[in-house]
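Enquirer: Handing you a structure now.
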Amino acid sequence: MLSTLTGAALTQGVTFIYRQLENLIRGKKDARTLVDAEADAILVGSLRLAAVDPQAYEQRQREIDLLYGILTSYLETAYVREDDAHLQYLLGSVRDVLEDVYKQRITFIGEGRPPSGVSIDQEAEEVRSAVTGLEVQRMASNVPVDVKQKFGMVRENAPVVGAKINEIL
C-alpha cells in the first residue's frame, strides 16, 4: 500500500510505477527504465541498473499481466485521488512485483521502510552446492544493499556467501 504519496508526488508515483510495469510487459527488461530523473524526486535511496530475474518474472507473469490490465483500466476510468485506498493497494501490489523481478527495493519519500536499493532474499530447505547472494566486481559505497539468506540444512562442501564485492568505491 502506498498511502504516503500525496499531491504531485502521488501523480509522479503513479506514473513511475505504471511506466515500470508497462516496460516490463513490453519486454524492456533492463533496469535502465527504473533509473530516471523523476525517480530521484520521489524515491528515498537510489536504484541501480539491473536485469530482470528471469525466474521471478516467469513465476509472476500471470500476476504481472493481471495487474497491468487492472491498473490500465483503472487509470483510464478514474481520477488519481489521495484518499483512494483501492489505488494505493493496487500500486503497492505492482511495487511488490517490480521489487521481486528487479531485485531492488523501491521506497517512496515518507515511507517507513529501508531506502531504495538492491534487495536479495534467498531461502531454501537445503543447500547442496555453492550459494552466493550478491557478487559484483565494483560497487559504490553509497549503494544500499540488503542480502537475506535463510537455509535449513547446508551440506558439507556447499559454501554460503552473503556478498562478494571485489572493490568498493
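Each value in this text was obtained by applying a stated rule to the coordinates, not by laboratory testing. Keep in mind that this is a model prediction, so the values were computed, not measured. Cβ atoms come from the backbone with ideal geometry, glycine included; neighbour counts cover every protein chain shown.
Enquirer: What number in nm² do you get for segment 41-169 if you take the convex hull of its Cα atoms and divide its surface by four?
Expert: Average projection, Cα convex hull of segment 41-169: 10.2 nm².
Enquirer: Could you work out how much longer the chain between ALA163 and GLN122 gets when fully extended? Use 0.36 nm per residue separation minus the Cα distance between them, nm to one decimal.
Expert: 13.6 nm
Enquirer: If you filter segment 39-104 for trypsin sites (Lys or Arg not before Pro), then keep DSSP loop positions with at most 11 other Cβ within 10 Å, what is left?
Expert: Details: sites: ARG48, ARG60, ARG62, ARG81, ARG95, LYS103; in loops: ARG48, ARG81, LYS103.
Here the sparse-neighbourhood loop sites are ARG81.
Enquirer: Given an 8 Å cut-off on Cα distances and at least 6 residues of separation, report the relative contact order of segment 95-169 as a percent. Please list the in-between numbers first.
Expert: Values: 133 pairs, mean separation 23.4, N = 75.
The normalised contact order for segment 95-169 reaches 31 percent.
Enquirer: What residues qualify as long-range amide H neighbours of GLY45, i.e. H under 5 Å apart, gap of 5 or more or another chain, H built at 1.01 Å from N?
Expert: Amide H to amide H, under 5 Å and 5 or more residues apart or across chains, GLY45 pairs with SER116.
Enquirer: Test of the criteria: in segment 53-141, which chymotrypsin sites (Phe, Trp or Tyr not before Pro) are in a DSSP loop and have at most 13 other Cβ atoms within 10 angstrom of their Cβ?
Expert: Numbers: sites: TYR57, TYR68, TYR74, TYR79, TYR89, TYR102, PHE108; in loops: TYR79.
Listed in order of number, the matching sites are TYR79.
Enquirer: For segment 109-122, in order, what is each residue's ³J(HN,Hα) by Karplus, 6.51 cos²θ - 1.76 cosθ + 1.60 with θ = phi - 60°, in whole Hz (x at glycine and Pro)?
Expert: After applying 6.51 cos²θ - 1.76 cosθ + 1.60, I find 4, x, 8, x, 10, x, x, 4, x, 5, 9, 10, 10, 10 Hz.
Enquirer: Step through the residues of segment 90-104 one at a time and calculate ³J(HN,Hα) from phi using the Karplus curve (6.51 cos²θ - 1.76 cosθ + 1.60, θ = phi - 60°), rounding each to whole Hz and writing x for Gly and Pro.
Expert: Along segment 90-104, the couplings run 4, 5, x, 5, 5, 4, 4, 5, 4, 4, 5, 6, 8, 6, 9 Hz.
Enquirer: Rank the residues PHE151, PHE16 as a footprinting-exposure proxy: fewest other Cβ atoms within 10 Å of their Cβ go first.
Expert: Values: PHE151 14, PHE16 24.
Placing the least packed residue first, the sequence is PHE151, PHE16.
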